[in-house]
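*Asks:* Below are the structure tokens for one structure; questions will follow.
Quick note: the coordinates plus some simple rules give every number you see, no bench work behind them. Keep in mind that what you see is a predicted model, and the values were worked out from it rather than measured. Here the Cβ positions follow ideal geometry from the backbone for every residue, glycine too, while neighbour counts run over all protein chains shown.
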Amino acid sequence: MTAIFAKLGVEQFNPDAATLIRTVVILIVLTGVVAATHQLPALAAGSPRTYAFLVLSGLATGASWWCYFRALHIGDAARVAPLDKLSVVLVALFGVGFLGDSRR
């Protein structure tokens, strides 16, 4: 449903602004979840390395969402969503290649 809602949202709307709105909604919801479950102190518990990788992950996620919404704006959801899901295959390959992940 995410792809369908996103496609409907960007059909007649700027994809960059749509990405911002989606990001703000997620920020608000997750802030509420973390606060409601009393996990706010955990935000100060990370190491600099942890924060560096989380920032890099956030930048990669932002770039991914930005590209995804632009693709939905100009293309069909039925074509964009399957391409987006190829990231699962890439994660599996990179996990094995760079992280040494394997079946156990």
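*Asks:* Need one number: convex hull volume per residue for the chain, Cα atoms only, in Å³. Walk me through the intermediate numbers first.
*Replies:* Values: hull volume 16.0 nm³, N = 104.
With only Cα atoms used, the chain gives 154 Å³ per residue.
*Asks:* May I pose another question? Using Cβ counts within 10 Å as a stand-in for footprinting exposure, how do Y68, Y51 rank, fewest first? The partial results should precede the final answer.
*Replies:* Working: Y68 22, Y51 11.
Ascending Cβ contact count within 10 Å gives the list Y51, Y68.
*Asks:* Give me a comma-separated list of calculated 3J(HN,Hα) values for the range 64-77, in order, Karplus coefficients 6.51, -1.76, 1.60 applied at θ = phi - 60°, integers in Hz, x for any Gly or Pro.
*Replies:* Listing the rounded values in order: 4, 5, 4, 5, 4, 5, 5, 5, 5, 5, 9, x, 7, 4 Hz.
*Asks:* Right, another one. For D101, enumerate residues with amide H under 5 Å from its amide H, sequence gap 5+ or separate chain, H modeled in the peptide plane.
*Replies:* V96
*Asks:* Follow-up question, since we're still on this one. May I ask you to sort R22, R49 by Cβ crowding, counting other Cβ atoms within 10 Å and putting the fewest first?
*Replies:* By the 10 Å Cβ count, ascending: R49, R22.
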